[in-house]
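So the structure is just underneath, and the comments pick up after that.
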Amino acid sequence: MKRHHLFLLTGLVVAFALRVCRLGDQNVWWDEGLAIWAVRHGFAETTLWTAGDVHPPLYFWLLWPWVRLAGETEFAARYLTVLVATLTVAAMAPLGRRLGGPWAGVAALWLLALSRFHVWWSQEMRMYALAALAATLSFYFLLRWASEPQRGLRPLRSWRLDFAWVGATLAALYTIYFSALLLVVQNLYVLVVGLRRRDRWALWLRWLMIQGAALALWAPWLALAIPRMRSWSVVQEPVSPGFVFLLDGVLLTLGISTFVERYLWAVLAVLAVLLWGTAVLLVRARRAGVLGPTADRLWLLALGTLVPPLMVWLVTQPRMLFYTPRVEARYFLSFAPLFYAWLAWGLTALLARPRLRLAGGPAAAMVLALMLWALPGHYADRRLRDDLQSMVRAIWAQAEPGDAVVLVSGDRYPIFLYYYDRAPAPTDRPPVYPVPQRSPRLEGSGAEAELAPVAEAYRRVWLAQVESHLQDPEGAAKAWLSERYATLLTMEFGYNRLFLFGPAGGEATAERAYPQYPLFAAPVAGLEVIGYDLPVREVRPGDPLRLGLYLRAGPPLLPEGLSGEDCRWYWAARSSLPGVSLVGPSGETYAVLLTPCPAGKIVYRLLEFPAACLPAGRYHFELRAPDGESLTFGSVRVTHTQPELSPAEIPHPMAARLGESVRLAGYGLYRDRGVLGDSPLAPGAAVCPGERLFLDLYWQADGPVGANYVVFTHLVGAAPNPATGNPVWAQDDHEPLRGGCPTSLWLPGRLLRDRYELVLPADAPAGEYLLEVGMYRWDTGERLPVSGDGADPENRRILLGVVRVRE
């Protein structure tokens, strides 16, 4: 085996490993859910649906049999894209070799293998990786085709190239409509190539013939699709061409699509290396007498790199014909391999001669370092969250024959149905009726027409509210059902809700239990755990940790003062009460949830634990009895949470209280771009207009808070702010830890550090500003009463001190 073959094989293995790494550790998003929804239909129905969609059918034709063979899990459904993307990486080797020899092929393969941009879209259940593969093969076959003479009788091998180009190009055209840009770029290339060749007319005629063949094979699809296409736009405000080119550059160099202005330096650095390598190629080609062919290939690479962002900008401008998309990263992927092939060719030129290696080596190392620096960021936030899984399983567990599900989801139905209909979904699960169907929003007058047919056909109706504020902001569906049914069950899933409506006197049971993890264990204190649902195995701040339990019990034991009507939190550092505990790595119990259940029946109880507020580590669940008997089951890993804090770490300690259970133990104020460990500002510190301040609040709960509160932080001046009409000149209001640790889930005694960001306007007048904080309910705006250090009971705020603004 030659040495470069070993590099190619190693590169392929690395590419595959990067693309399969944590493949299933990400929830499906709307487009992915829609793809699964589409291919669940019959093949012909799927094809007709894509005719009215914004993409041609090739990817769906491949996905349709794939999910029937491999399944619909996040990993299985995305694995098809991984295989396609790995083939694209492999195709870089012959493309690079055609441009600059074997080592250019090795470099091209490795650059695409390590590209965060390509890894990103290799792990999506979408068609863009397939379009990139088809485009790469189309360009490769074009380069080979253009190098063949066009005079006389053509050998069979050249005809094979014609067929290969037509097949690859046709695959691209049947994958995304944007692939029509391939023909624009390739026509410009063939035109320039022909100008310097004696057989130009034969070349151009042959090109028109094979191009016509590809278009003729594409035409039937266009004839089917164009009449079905709708004219609509998602563009809110057009962007500038400069932004589109910058976005493309940052994607190609770092694979990052947000705050791209921050990474202009990286684009310029890689661009300098690319231009330097191109200049070396041209000089070397001129000396070797092959300037024309080298310039032709560089012309193709330049066209394939520079024309796509221009076309993306053009097609995202508002217009009245067909679909107008917003600028998205995925539209640049098809032509990305050409950039990496160009960069690889230039880098090998810089490393080919000993005189250039002294500077070319560091340049190549810089490009590699940038790619390796950016790559871990792609995986940093990949994890499965309990999105709608618990809601779906709650319906599965408690549904009965004669039930139906009314889904009010603001067009989020593909995600709900992805989980609801995915194996191991019960075959007798209730049918789902998305509403509204007759209008964009469900109004009170339209609820009768939408819901009456469902109510007449079914004895019980589930109402799943998923982002219902988008289509049912006034709760018309819930109001209509509440007037006609008794509310048998109410469950909360963050801001989403699940209701069960049915005849008065009915109840929700789980006699047809479908636990995700069945258990076969002896009862503990008369409470038998049939099984449990645990949709996720890792949680971070902001993620819910929900445990669904299938229980059969006798009369529950309750502490004095608590009723058995609902499942309630009972907080304790240690407790011998019967219930389900979340047990930490050292055996500490952080919470106990009492679970009263009707005797002799299987019921489903959904418990939510305060994982985001806990120290990092691996936790498990226990069912504990007063006599010490316990049942251990399930485990989950808590990551990225705050370590245990000490009161000695508080820069400015204080003793203030909000309500009955919340204490403000102190604060720290930091200057612009402050990070933990910086020196805090002293009270009365002077700052400048336009400056950014970071405020750390240190909270502690004495007991269960019981409700979710929003923290407000304000800088209040003497003069009113013209922008707001009130004296607040800077503010940052949100739930603690940016919503990651709601007050209802705080653990008594645990100290939390909570950061806020206050930006002074550039026109803030000089003077003294009060720094005030407090809490209020998000639904009513009512503030918690305050007492202690800095308390202003009349205005229900705590004054931390004064900040002086210089002129």
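Read-outs: derived from the displayed coordinates by stated rules, not from any lab. None of the values given here were measured: they were computed from a predicted structure. Here the Cβ positions follow ideal geometry from the backbone for every residue, glycine too, while neighbour counts run over all protein chains shown.
Annotations
- Length released on extending from Cys688 to Thr490, taking residue separation times 0.36 nm less the Cα-Cα span: 66.2 nm
- Each Lys or Arg adds one and each Asp or Glu takes one away; over the other residues whose Cβ falls under 11 Å from the Cβ of Arg618, this sums to +1.
- Unit charges at the beta carbon, dipole of the range 460-524: most positive-side option, Gln471, Tyr517, Val461: Tyr517
- Only Cα pairs under 8 Å and 6+ residues apart enter the sum, and on that basis the relative contact order of the chain stands at 8 percent.
- Between the Cα long axis of helix 241-254 and the first principal axis of the chain there is an angle of about 80°, rounded to the nearest 10.
- Cα gyration tensor shape of the range 162-254, rounded if a/c is under 1.5, else prolate or oblate by comparing a/b with b/c: oblate
- Cα-based shape type of the range 286-370, given that a ≥ b ≥ c are square roots of the gyration tensor eigenvalues and the cut on a/c is 1.5: oblate
- Sorted peptide list for 660-668, 613-621, criterion being average Cβ within 10 angstrom, highest first: 660-668, 613-621
- Computed over the alpha-carbon pairs of the range 373-438, the distance histogram in 5 Å steps reads 3, 14, 23, 20, 13, 9, 6, 5, 4, 2, 0, 0 percent, short to long.
- Dipole magnitude of the chain, debye to nearest 20 (Cβ charges: Lys/Arg +1, Asp/Glu -1, about Cα centre): 5280
- Evaluated at q = 0.18, 0.20 Å⁻¹, the base-10 log of the normalised Debye intensity for the range 364-522, with identical point scatterers placed on the Cα atoms, takes the values -1.09, -1.31.
- FRET efficiency estimate (nearest 0.05) - Cβ-Cβ, Glu507 to Asp428, R0 22 angstrom: 0.65
- Here the chain yields Rg over Rh of 1.02, to two decimals, using C-alpha coordinates and the Kirkwood radius.
- The protection proxy used here, the mean number of other Cβ atoms lying within 10 Å of each residue, ranks peptides 205-212, 769-776 as follows, highest first: 769-776, 205-212.
- Calculated [222 nm] ellipticity per residue, helices only, for the chain: -13000 deg cm²/dmol; basis is -39500 (n - 2.57) per DSSP H run with n ≥ 4, divided by all residues, nearest 500.
- Compared with the alpha-carbon gap, the fully stretched path from Glu644 to Phe43 is longer by 210.8 nm at 0.36 nm per residue.
- Neighbours of Trp396 by Cβ distance under 12 Å: Lys/Arg scored +1, Asp/Glu scored -1, total -1.
- For the pair Asp421 and Asp779, a Förster radius of 41 Å applied to the C-beta separation gives a FRET efficiency near 0.75, rounded to the nearest 0.05.
- Simple label model, 7 Å out from Cα along Cβ direction - Leu183 to Gln317, nm: 2.2
- Size of charge dipole - the range 198-282 - debye, nearest 20, with Cβ of Lys, Arg +1 and Asp, Glu -1, no other charges: 380
- Legend: P(r) of the range 61-126 from all alpha carbon pair distances, 10 Å bins from 0, whole percents, reading 22, 39, 25, 13, 1.
- Charge sum, other residues only, whose C-beta stays under 13 Å from Leu23's C-beta, Lys/Arg counted +1 and Asp/Glu -1: +1
- Both radii were evaluated on the Cα set of the range 222-331; the Rg over Rh quotient, with Rh as the Kirkwood radius, amounts to 1.11.
- Estimated FRET transfer efficiency when R0 is 25 angstrom, pair Glu757-Val239 (beta carbons, to 0.05): 0.45
- Packing, as the average of other Cβ atoms within 10 Å across residues, places the peptides 406-418, 72-84, 490-502 in the order 406-418, 72-84, 490-502, highest first.
- Global form of the range 401-440, assessed from the alpha-carbon gyration tensor, a/c cut-off 1.5: oblate
- Projecting label points 7 angstrom from Cα along Cα→Cβ for Ala521 and Ala766 puts them 6.9 nm apart.
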